[in-house]
Amino acid sequence: MTAPATAPFTPIPARTIAFAGVGRMGSNMARRLAECGHRITAVYDVHAPAAASLAEELGARHAASLAELSSAAEIVFTVVTDDAAQLAVFAAPEPGVDSLLAAPGGVRGKTFVNCATLAPATHVEVARRAAALGADTLEACMASSIPQARAGTLYLMCAGDADVFARHEPLLRQLSSALRHVGPAGRAAQVKALVNMVMNINTAALAEGLGLGQALGLDLELLREVFAQTGAASQVLKTDGEDMQNRAHDCFFSAAHAAKDSTIAWRLGCESGLHLPLAAATKLQYDKLVALGLGDLDKSAVAELTFKGRHA
């Protein structure tokens, strides 16, 4: 997978920005905004060495706590793993509880931009907690991967108050080559869940097609060319087909995240009274990968479950 060209950016007034969660995505978003002229004032991660290394690289503070991080900037990006982590990051400010909402001096006037793929209800609850203390929130759900985060070419689906979005749109455009505001809190998470549901189904289907092709003794290079020129073509074929064939599962979007996101979409279907058999089957495939200890591999590793002679 090759990195896209770095997107040009229109200079805007510099902002003070902090990041909670500086893994593969958060760290590269921070680098991009620093290159655009913004001051990354502080970074925090539960994996302290990652935060310490990025802080040194960007000349930022390695915050010892979420409260310290929140006090250091006017805009705080969060890029965390799951719903439990997001709710913990935004825990109610109580004695002995570390939280972004517990910043000394309060959080009134701050904006929290939350980028993780989460259940819509979690985004709604975080928005409620922040608003009760005078802070704004935006969802900025990402339908892209690590190279796009670094290059400023993310596809961002945003939700929240329209006026808050308008104020921060110039900043978000420095991270994105495609930016959409899709409605109030929770809506971006719904759209992102559906994007990842369809993507994961496509990935699992491609793995089965290529796995069956191998079992039949077909030339997989030829088969991928035919797929690309017919109704079997897909974006997943472009990004994952060769990797599936060559067992090259370096992680751009992990199987564990695919399992989590497939579960979010499947639950939304259940809550809506819908039977989604393809979503359910795909969720089970990625759950199996995680159970086999392969969750840290790229989602393309679902092919390890379908190709003969690979993982049982």
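Please go through the range 76-125 and pick out each residue that is touching a residue at least 40 places away in the same chain (Cβ under 8 Å) and touching an Asp or Glu at 6+ places or on another chain (Cβ under 7 Å).
110, 111, 117, 118, 119, 122, 123
Just for the range 28-58: of the residues that are in contact with a strand residue (DSSP E or B) (Cβ under 8 Å, 6 or more places away or on another chain), of a type in the set (Gly, Ala, Ser) and farther than 12 Å from residue 152 by Cα, which one is surrounded by the most Cβ atoms within 10 Å (Cβ to Cβ)?
51
Conditions (1) of a type in the set (Val, Ile, Thr); (2) outside any helix (DSSP H, G or I); (3) within 22 Å of the chain's Cα centre (by Cα); (4) over 15 Å from residue 89 (Cβ atoms), marked per residue:
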site	(1), (2), (3), (4)
34	no, no, yes, yes
40	yes, yes, yes, yes
43	yes, yes, yes, no
55	no, no, yes, yes
67	no, no, no, no
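Checking residue 167 against (1) part of a loop (DSSP other than H, G, I, E, B); (2) under 30 Å from residue 37 (Cβ atoms); (3) not hydrophobic (A, V, I, L, M, F, W, C), which test does it fail?
Status for residue 167: all satisfied but (1).
Can you name every residue in the range 126-147 that is out of contact with any strand residue (DSSP E or B) (no Cβ under 7 Å at 6 or more places or on another chain) and either without any contact (Cβ under 8 Å) to a residue 12 or more places away in the chain or part of a helix (DSSP H, G or I) (or both)?
128, 129, 131, 132, 146, 147
Which residue, of 213, 209, 231, 217, is more than 17 Å from the chain's Cα centre (by Cα), free of Cβ contacts under 8 Å to residues at least 24 places away in the same chain, outside the structural domain of residue 90 (by TED's automatic domain parsing) and on the phi > 0 side of the Ramachandran plot?
217
From the set of residues in the range 287-305 that are assigned to a loop (DSSP other than H, G, I, E, B) and of a type in the set (A, V, I, L, M, F, W, C), which is nearest to the chain's Cα centre (by Cα)?
It comes out as 297.
So in the range 170-194, with the set limited to residues that are farther than 15 Å from residue 115 by Cα and assigned to a helix (DSSP H, G or I), which one is nearest to the chain's Cα centre (by Cα)?
The selected residue is 194.
I need a count of the residues in the range 240-254 that are modelled with pLDDT of 95 or more and surrounded by 13 or more Cβ atoms within 10 Å (Cβ to Cβ).
Summing the residues that are modelled with pLDDT of 95 or more and surrounded by 13 or more Cβ atoms within 10 Å (Cβ to Cβ) in the range 240-254 gives 9.
Please go through the range 268-286 and pick out each residue that is more than 18 Å from residue 205 (Cα to Cα) and either crowded, with 16+ Cβ neighbours inside 10 Å or hydroxyl-bearing (Ser, Thr, Tyr) (or both).
268, 269, 272
With respect to residue 108, determine if the residue is in a helix (DSSP H, G or I) and either surrounded by fewer than 20 Cβ atoms within 10 Å (Cβ to Cβ) or modelled with pLDDT of 95 or more (or both).
No: the conditions fail for residue 108.
Against the condition touching a residue at least 12 places away in the same chain (Cβ under 8 Å) and either of a type in the set (A, V, I, L, M, F, W, C) or farther than 22 Å from residue 24 by Cβ (or both), how does residue 274 come out, does it pass?
Taking the combined requirement at face value, the residue does not satisfy it.
When you look at residue 218, is it at pLDDT 95 or above, of a type outside the set (D, E, K, R) and either under 15 Å from residue 302 (Cα atoms) or surrounded by 18 or more Cβ atoms within 10 Å (Cβ to Cβ) (or both), yes or no?
no
The values are calculated or read from the model by the stated rules, or taken from the named source; none is laboratory data. Quick caveat, the model's predicted, so the values are computed rather than measured. Because the Cβ atoms are built from the backbone with ideal geometry, glycine has one as well, and the counts that use them run over all protein chains shown.
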